[in-house]
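Q: Can you read through this structure? Questions will come right after.
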Amino acid sequence: MDYKDEIIDHYKNPRNFGEMEEADVTINESNSSCGDVVQVQIKIQKSKNSKTQNKEDLVIEEVMWRGVGCAISTAAASMLSEKVVGMTFAEIEKIGDEGIVKMMGGEVNAGRMKCATLAYRALLKAFKTDD
Amino acid sequence: MFDVEKIRADFPILKRKINGHELVYLDSGATSQKPESVLRAMDDFYRNNNANIHRGVYDLSVESTKMVDEVREKVAKFIGGRAEEIIFTRNASESLNLVMYSWGKKNIKEGDVILVTRLEHHSNFVPWQVLCKEKGASFRVVEVDSEGRIDGSSLKRLTEDGKVKLFALTGASNAIGTLVDIKKMVELVKKNNPRVVVVLDASQMVPHMSMDVNKLPVDFVAFSGHKMLGPTGTGVLWGKKEVLLNMEPFMYGGDMISEVGLTETTWADLPNKFEAGTPDIAGIIGLGAAVDYLTNLGMGEVRTHEKELVEYALEKFKLLEDEDLVTVYGVKKSEERGGAIAFNVKGVHSHDVAQVLNNFGICVRSGQHCAAPLVTSFNVMSMVRATFYVYNTKSEIDYLVEKIKEVPKVFI
């Protein structure tokens, strides 16, 4: 597997990197194979779909994240932080590991899936703890 | 004569190409490759001798039983123990867990101390941590110095109160290669804890150097078969007969009983008492072939070869350090080091290093090497590790060093 230019770009210039002042949810997730930890923070859109309280219908307004990681986990978190804005939880759940691989250009070594999905797992957890 | 090229020819997998390159396998610390003779022994067994052991009176069963017993003798001879003291397990982790469940649960009480070191693989760390929590015992971790040697003063301090009931230590660090002066460490512990039971994780020793359990002040020795040219699914626990006799079984079932009644059951003699169920018979036969292979090479020769490799690697890596490209961890003297070198490429995550090296056909491990407490003590989250074995060569180390130089370029 080669590192695609887009991965290297997100790795070197991670988007939405940092800490959010007033996050609705903050979640930490770690990668057991290397000890890397990522923090993902989200702000949930209040106006849209306000009729329903269903978790599935909550819409992401903003994502910020931080952590030290490898090129794959960093690029994945960066790309994900752009991708999920405006999505509902139901839509995010649908992305799945396959969607993450697709997002990263269609090729992730099986041994690196933990790296690629680190931020995604945090994001899924964020909604779960919101119950 | 130790002839690496001849040895390499015995390992079919070394002919494989990875991403168009020759396979450079530098992860024997995780599991070793297997020579033709091991593969053939297992295949032959299934084709010609397969039957369950200790069950039948027919010829096949008698043969397979005899074959397993012979391997037990062989393994015993290889490490200096008696055959009845050799218990076959799936791997070193299971061996260590056997001691925890069988010996530990019965003998560790509230207020006792279990001592481990920061060098341990998780498998000689977590079981003891869990047992201490369960029993209300205290779990103490001996620190290491800046090069990753066991810190004698930390050990003295933690053993002064005489409460240490069990001391679990590794003979060689799987992550950074430190060789431990086992006798010295156990002596220090025994000074105030004369009755301490000692559990040695020899997973990175038995495959790499000659060893005699009778000359070591230890009660249990655990190691894996698959790290010493044997198949996966094989491990060994050696225990001192006197200690094993006073232990209850860890698992119950077939082959480990003496008499079974409706209300009471008595246990088989050693070592069957600890081997419930049908073992990995073909695997054990394969392990026997691996022991033969290593015995033919001579363990002194094996150690010399690996020591030369690690010395050479340390020299080459020193040059990379001088170029400010890498950080190397662990002791600098090859006498105190097994065939492992742990490092990081500056500014690049260990997983990314391993990934780029894989593109060149090089297999190295990255991450925490099942030794998080040790790795993080060097103020890093993870490391890259290259481990050497009988089939590795200096030219492979040259190739590794050359390709390490390519790594940072990918990320600039």
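The values are calculated or read from the model by the stated rules, or taken from the named source; none is laboratory data. All of these numbers come straight from a predicted model, not from anything done at the bench. Glycine also receives a Cβ, built like all others from the backbone with ideal geometry; neighbour counts cover every protein chain displayed. The area values use the complete protein model at the heavy-atom level, side chains included, leaving out ligands, DNA and RNA. Shrake-Rupley method; radii C 1.70, N 1.55, O 1.52, S 1.80 Å.
Q: Leaving out same-chain residues fewer than 8 places away, which aspartates and glutamates sit with a Cα under 13 Å from that of A:Lys102?
A: Within reach: A:Glu6.
Q: Other chains near B:344-357: what is the mean number of their Cβ atoms within 10 Å of each residue's Cβ?
A: Working: counts 0, 0, 0, 0, 2, 11, 4, 14, 10, 1, 4, 10, 4, 0.
If you average over the peptide's residues, the count of other-chain Cβ atoms is 4.
Q: Under 18 Å Cα to Cα from A:Lys128, which aspartates and glutamates show up? Leave out anything in the same chain fewer than 8 places away.
A: The reachable aspartates and glutamates, counting only those whose Cα sits under 18 Å from A:Lys128, are A:Asp24, A:Glu29, A:Glu56, A:Asp57, A:Glu61, A:Glu62, A:Glu91, A:Glu93, A:Asp97.
Q: Let me ask something additional. Mind putting a number on the dipole of the range B:39-90 about its Cα centre? Charges go on the C-beta only, +1 for Lys and Arg and -1 for Asp and Glu, and I need it in Debye to the nearest 20.
A: Roughly 160 debye for the range B:39-90.
Q: Could you derive backbone 3J(HN,Hα) for the range B:286-293 from the dihedral phi with the Karplus parameters 6.51, -1.76 and 1.60 (θ = phi - 60°), listing whole Hz in sequence and x where the residue is Gly or Pro?
A: Calculated HN-Hα couplings, in order: x, 4, x, 5, 5, 4, 4, 4 Hz.
Q: Taking amide H positions as placed 1.01 Å from N in the peptide plane, with prolines and chain starts having none, which residues 5 or more places from B:Gly81, or on another chain, fall under 5 Å of its amide H?
A: Counting only residues 5 or more places away or on other chains, the set is B:Val213.
Q: Here's a follow-up. Which loop-located trypsin sites (Lys or Arg not before Pro) does the range B:15-68 contain, where loop means any DSSP state but H, G, I, E or B and the Cβ has at most 14 other Cβ atoms within 10 Å? Numbers along the way, then the final one.
A: Details: sites: B:Lys15, B:Arg16, B:Lys17, B:Arg40, B:Arg47, B:Arg55, B:Lys66; in loops: B:Arg16, B:Arg55.
Within the range B:15-68, the qualifying trypsin sites (Lys or Arg not before Pro) (loop, at most 14 other Cβ atoms within 10 Å) are B:Arg16, B:Arg55.
Q: Additional query: Antiparallel DSSP bridges in the range A:5-128: what percent, to the nearest 5?
A: Antiparallel bridges make up about 95 percent of those DSSP assigns within the range A:5-128.
Q: Then there's this: Which FRET efficiency value, to the nearest 0.05, is calculated for B:Lys15 and A:Arg15 with the Förster distance at 56 angstrom and r the Cβ-Cβ distance? Present the calculation step by step, with values, prior to reporting the outcome.
A: On the way: r = 45 Å, r/R0 = 0.81.
Using R0 = 56 Å, I get an efficiency of 0.80.
Q: Using a 1.4 Å probe on the protein chains only, how many percent of the accessible area of chain B belongs to carbon and sulfur?
A: Values: 8450 of 16900 Å².
The computed percentage sits at 50.
Q: Full extension from B:Lys394 to B:Arg303: what is 0.36 nm times the residue separation minus their Cα-Cα distance, to one decimal in nm?
A: Numbers: separation 91, 0.36 × 91 = 32.76 nm, distance 1.50 nm.
Stretched fully, the B:Lys394-B:Arg303 segment lengthens by 31.3 nm.
Q: On average, how much accessible surface per residue is there in the range B:1-134, in Å², for a 1.4 Å probe, leaving out ligands, DNA and RNA?
A: On the way: 6490 Å² over 134 residues.
Averaged over the residues of the range B:1-134, the accessible area is 48 Å².
Q: For chain B, what does the helix formula give at 222 nm: sum of -39500 (n - 2.57) over DSSP H segments with n ≥ 4, over the residue count, nearest 500 deg cm²/dmol?
A: Values: 14 runs with 148 residues, N = 412.
Calculated at 222 nm, the ellipticity per residue is -10500 deg cm²/dmol.
Q: Mind checking the dipole of chain B: about its Cα centre, +1 per Lys or Arg Cβ, -1 per Asp or Glu Cβ, Debye to the nearest 20? Numbers along the way, then the final one.
A: Numbers: 51 positive and 56 negative charges, 143 e Å.
Here the size comes out at about 680 debye.
Q: Computed FRET efficiency, Cβ-Cβ of B:Ile257 and B:Asp181, R0 45 Å: what is it to the nearest 0.05?
A: Working: r = 42 Å, r/R0 = 0.93.
With R0 = 45 Å, the Cβ-Cβ based efficiency is 0.60.
Q: Could you sort B:Leu216, B:Leu357 by accessible area so the largest value comes first, with the probe set to 1.4 Å?
A: Numbers: B:Leu216 35, B:Leu357 0 Å².
Final ranking, largest accessible area leading: B:Leu216, B:Leu357.
Q: Beyond a 22 Å Cα-Cα separation, which of these cross-linked pairs lie in this structure: B:Lys15/B:Lys405; A:Lys55/A:Lys114; B:Lys77/B:Lys241; B:Lys190/B:Lys307; B:Lys15/B:Lys227; B:Lys77/B:Lys215?
A: Numbers: B:Lys15/B:Lys405 25 Å; A:Lys55/A:Lys114 26 Å; B:Lys77/B:Lys241 15 Å; B:Lys190/B:Lys307 31 Å; B:Lys15/B:Lys227 20 Å; B:Lys77/B:Lys215 14 Å.
Pairs exceeding the cut-off: B:Lys15/B:Lys405; A:Lys55/A:Lys114; B:Lys190/B:Lys307.
Q: What distance in nm separates the two pseudo spin-label positions at B:Leu60 and B:Asn192, each 7 Å out from Cα along the beta-carbon direction?
A: Between B:Leu60 and B:Asn192, the label points sit 6.1 nm apart.
Q: If you don't mind, another one. Past the 20 Å Cα-Cα mark, which pairs from B:Lys165/B:Lys191; B:Lys332/B:Lys394; B:Lys184/B:Lys333; B:Lys17/B:Lys318; B:Lys109/B:Lys183; A:Lys94/A:Lys125? Walk me through the intermediate numbers first.
A: Working: B:Lys165/B:Lys191 13 Å; B:Lys332/B:Lys394 18 Å; B:Lys184/B:Lys333 18 Å; B:Lys17/B:Lys318 29 Å; B:Lys109/B:Lys183 26 Å; A:Lys94/A:Lys125 14 Å.
The pairs that break the limit, which is 20 Å between Cα atoms, are B:Lys17/B:Lys318; B:Lys109/B:Lys183.
Q: OK, next. Taking H as built 1.01 Å from N, whose amide H comes closer than 5 Å to the amide H of B:Ala172, not counting residues under 5 places away?
A: B:Val180, B:Gln204
Q: To continue, here is another question. Which trypsin sites (Lys or Arg not before Pro) in the range B:119-212 sit in a loop by DSSP (not H, G, I, E or B) and have at most 14 other Cβ atoms within 10 Å of their own Cβ? Mind dumping the intermediate values first?
A: Working: sites: B:Lys133, B:Lys135, B:Arg140, B:Arg149, B:Lys156, B:Arg157, B:Lys163, B:Lys165, B:Lys183, B:Lys184, B:Lys190, B:Lys191, B:Arg195; in loops: B:Arg149, B:Lys163, B:Arg195.
Passing both the DSSP loop test and the Cβ count: B:Arg195.
Q: Right, here's the next one. Compare the Cα positions of B:Ala313, B:Thr376, B:Tyr58 along the charge dipole of chain B (+1 at Cβ of Lys, Arg; -1 at Cβ of Asp, Glu; about the Cα centre) and return the one farthest towards the positive end.
A: Ranked along the dipole, the leading option is B:Thr376.
Q: A follow-up question, please. With both bridge residues required to lie in chain B, what share of the DSSP beta bridges run antiparallel, to the nearest 5%? Display every interim value, and only then the final one.
A: Details: 28 of 48 bridges.
Of all bridge pairs located within chain B, approximately 60 percent are antiparallel.
Q: Across the residues of A:111-117, average count of Cβ atoms on other protein chains within 10 Å?
A: 2
Q: Can you give the FRET efficiency for B:Arg40 and B:Thr232, using 1/(1 + (r/R0)^6), R0 = 25 Å, r = Cβ-Cβ distance, to the nearest 0.05?
A: Details: r = 17 Å, r/R0 = 0.67.
With R0 = 25 Å, the Cβ-Cβ based efficiency is 0.90.
Q: Can I ask one more? Can you say what percent of the DSSP beta bridges in the protein assembly as shown, counting only those with both residues inside, are antiparallel? Round to 5.
A: On the way: 44 of 65 bridges.
Bridges in the protein assembly as shown that DSSP calls antiparallel: roughly 70 percent.
Q: Now, a different point. Which of the GluC sites (Glu not before Pro) across the range B:304-391 are loop residues per DSSP, with 16 or fewer other Cβ within 10 Å? It would help to have the intermediate numbers written out before the result.
A: On the way: sites: B:Glu306, B:Glu308, B:Glu311, B:Glu315, B:Glu321, B:Glu323, B:Glu335, B:Glu336; in loops: B:Glu323.
Those satisfying the criteria are B:Glu323.
Q: About the Cα centre of the protein assembly as shown, how large is the charge dipole given +1 on each Lys and Arg Cβ and -1 on each Asp and Glu Cβ? Please answer in debye to the nearest 20.
A: Numbers: 68 positive and 78 negative charges, 138 e Å.
Dipole size: approximately 660 debye.
Q: Sticking with this one: Which whole-angstrom value gives the distance between the alpha carbon centres of the range B:366-400 and the range B:1-23?
A: Result: 21 Å between the Cα centres.
Q: Let a ≥ b ≥ c be the square roots of the eigenvalues of the Cα gyration tensor of chain B; is it rounded (a/c under 1.5), or, if not, prolate (a/b larger than b/c) or oblate?
A: On the way: a/c = 2.11, a/b = 1.23, b/c = 1.72.
Oblate is the answer for chain B, as a/c is 1.5 or above yet b/c matches or exceeds a/b.
Q: Quickly work out the B:Lys109-to-B:Ala83 label distance, labels modelled 7 Å from Cα along the C-beta direction, and quote it in nm with one decimal.
A: 3.9 nm
Q: Here is a further query. Please list, in chain and number order, the residues 5+ apart from B:Ser32 or on another chain whose amide H is under 5 Å from its amide H, with Hs placed from the backbone.
A: Amide H neighbours of B:Ser32, under 5 Å, 5+ apart: B:Lys227, B:Met228, B:Leu229.
Q: Enter the Cα centre distance for the pair the range B:73-115 and the range B:117-191, rounded to the nearest angstrom.
A: Cα centres, the range B:73-115 to the range B:117-191: 17 Å.
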